[in-house]
Amino acid sequence: MWGLLFSFAVLSAWPACSLGKPEFLTVFDGWEMYKVRTNATMTNENVQNTCRAVGLWYPCYYTGHETCSTFYRPECIKLDGSSSNSCRTLSAFSHSLCGTVDAHKCKALDDIFVYQPGYQSAHGVDYDAGEWNMFGTNHTDKYALCGGQQEYLTTWGRWAFHKVRVNGLMSSTNMRATCDLVGMSYTCYGTGVGTCTSSWSSDCIRFDHVDDTCQNTLELLSSLMCGTTDASSCQPLLNVYTIRGSYGYGVSETGYDTSGSDDNDKYALCAVRQCDISPCVHGTCSVHDQNFTCLCDSGWNGTYCDTLIDSCDSNPCLSGGTCVNEENGYSCICPPTATGNICETVLHTDKCYWISNSPLSNQDASVMCLKMEGHLAKVNDPVDQQVLISYLDDGRNISYWTSNKISPTSMCTCENGSPLSSDAPPPWVYSTANADTCVLLDAEVGYTGTYQPCTEEHNFVCQSKCDAPKY
């Protein structure tokens, strides 16, 4: 579908009448048709300028097909409306979209106007009012009917190549006008590299990174896209023409190197510097060798910097909080009993629990809690334990230190040094090794308490008064 390309050079050529980007309607007779909001009175001139301002052509009041030429001009898109048995463009459209030639009964065409040669006023229809012959000079800020067709093909060096539908004869003049319309540069039959200046003019692009073999433009693109210099066998280049003298030369159904002197409504090969079309949605574009790269702004990634980084992927919100992605990070929506940037503070009866988001040893965790005028949480009450579990069990599988601790003591081990168990065979050894262990609410066993070496680093839970300072 049409990729909008805005160019200051193009837009400055006509008054700026467009209020918004084109809204796709349908494909009709090979043309992608759009309605575009006009920021002005619906005169013929403003309808034309609205389409031009967004790089599109426009149809006339009549389709231009066979005998339907009374209200048609050569600069308009020629459409085949024979299936509707009507010369009127909007009637032909209505028949295609809504199954009726009564355009004012087709909701999709509500408030749409077309260029009406011979008059100042454009012609439009109003679905809501049931009016089929609105005079544009009596209306403002309605829609212009516009059409076009553009397709990205490939890149070579700093250039991105597109085929763009030409409205009319495939002359060099019309092909240049087509590329101008969408704000792109021209391509010639010759590449302009080194001594390869035959069939090349200075207003066409000069290829990058091409050796001096003097292949023509379509042969080069065919080798890149289809692996062969035989452009006639490269399907994406069918009906694509480059400038050569007074007419385009390209690939048609009848063969390669076809002159555009007998062809109409084919495609001009146009090119644009890759960074000129601002492909990096949230980043900075730079060209390197055969392609461009995007340096993404903070919070974005992807080839075109169009993918918001999922800052919530690490599940940063504690206490059952809901994470919301934002351009520069994330925010947390906390449950009613929790607060803090990441919902790290939980209110329970007359005390507050502060849940850490980073690991420390049990001793260092105790020091941190003291700074908050509190201590590691005491979990002596099954109710308190269940409350804590309801906030800690958030799917991250993280265990937490509590204040319970066993001081160094003697313990039994097996002779080989392994822990003693009820089925361990003798001999047993009585040891006075340091058994400094602390109680961990262990995520691996459903947040029940297990004894672990106090020197291990785990997240932790502090308990304090609710007005105590937080770090």
Practice task
Would you check the chain for Lys pairs whose C-alpha atoms are within less than 16 Å, ignoring same-chain pairs closer than 8 in sequence, and give me the count?
Solution key: 14
Practice task
Provide, in order from the shortest bin, the percent of all Cα-Cα pairs of region 225-304 in each 5 Å bin, continuing until the bin that contains the maximum pair distance.
Solution key: 3, 14, 17, 13, 11, 12, 12, 9, 5, 2, 0
Handout entry: T178, T339 arranged by Cβ crowding within 10 Å, fewest neighbours leading
Key = T339, T178
Exercise for the section: Sort largest first and round to whole Å: the equivalent ellipsoid semi-axes of region 273-407, each the square root of five times a Cα gyration tensor eigenvalue. Expected result: 44, 16, 11
Fill in the blank from the handout: Here the equivalent ellipsoid of region 150-275, derived from its Cα gyration tensor, has semi-axes (largest first, whole Å) of 19, 16, 14
Fill in the blank from the handout: region 8-148, Kirkwood Rh and Cα Rg, ratio Rg/Rh at 0.93
Problem - Residue-count net charge about K142 - beta-carbon cut-off 10 Å; Lys, Arg +1, Asp, Glu -1 - result: -2
Problem - Test item: Cα-centred dipole of the chain, Lys/Arg +1 and Asp/Glu -1 on Cβ, debye - result: 1160
Exercise for the section: Just grab the label-to-label distance for S390 and D306, each label 7 Å out from Cα along the Cβ direction, in nm (one decimal). Expected result: 4.5
Completion exercise
To the nearest 10 degrees, the tilt of helix 172-181 (Cα long axis) against the first principal axis of the alpha carbons of the chain is 40
Completion exercise
In whole percents, the bins of 10 Å from zero upward hold the Cα-Cα pairs of region 71-203 as 11, 30, 26, 18, 11, 4, 0
Completion exercise
For W132, the net charge from surrounding residues (Cβ-Cβ under 14 Å; K, R +1; D, E -1) works out to -3
Practice task
Just rank F28, F207, fewest to most, by other beta-carbon atoms within 10 angstrom.
Solution key: F28, F207
Fill in the blank from the handout: Here Rg/Rh (Cα, Kirkwood) for the chain equals 1.26
Practice task
Using only Cα atoms, tell me the angle between helix 382-392 and the longest principal axis of the chain; keep it within 0 to 90° and round to the nearest 10.
Solution key: 30
Handout entry: With Cα atoms, 0 to 90° folded angle of helix 89-98 axis to the chain main axis
Key = 40
Completion exercise
Scattering profile of region 325-400 from the Debye formula, Cα beads only, expressed as log10 I(q)/I(0) at q = 0.25 Å⁻¹, is -1.44
Problem - Inverse mean reciprocal Cα-Cα distance (Kirkwood Rh) of region 144-206, Å - result: 12.9
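Since every read-out is calculated from the coordinates, none of them should be taken as a lab result. Since this is a predicted model, take the numbers as computed values, not measurements. Neighbour counts are summed over all protein chains in view; Cβ atoms, including those assigned to glycine, are modelled from backbone coordinates with ideal geometry.
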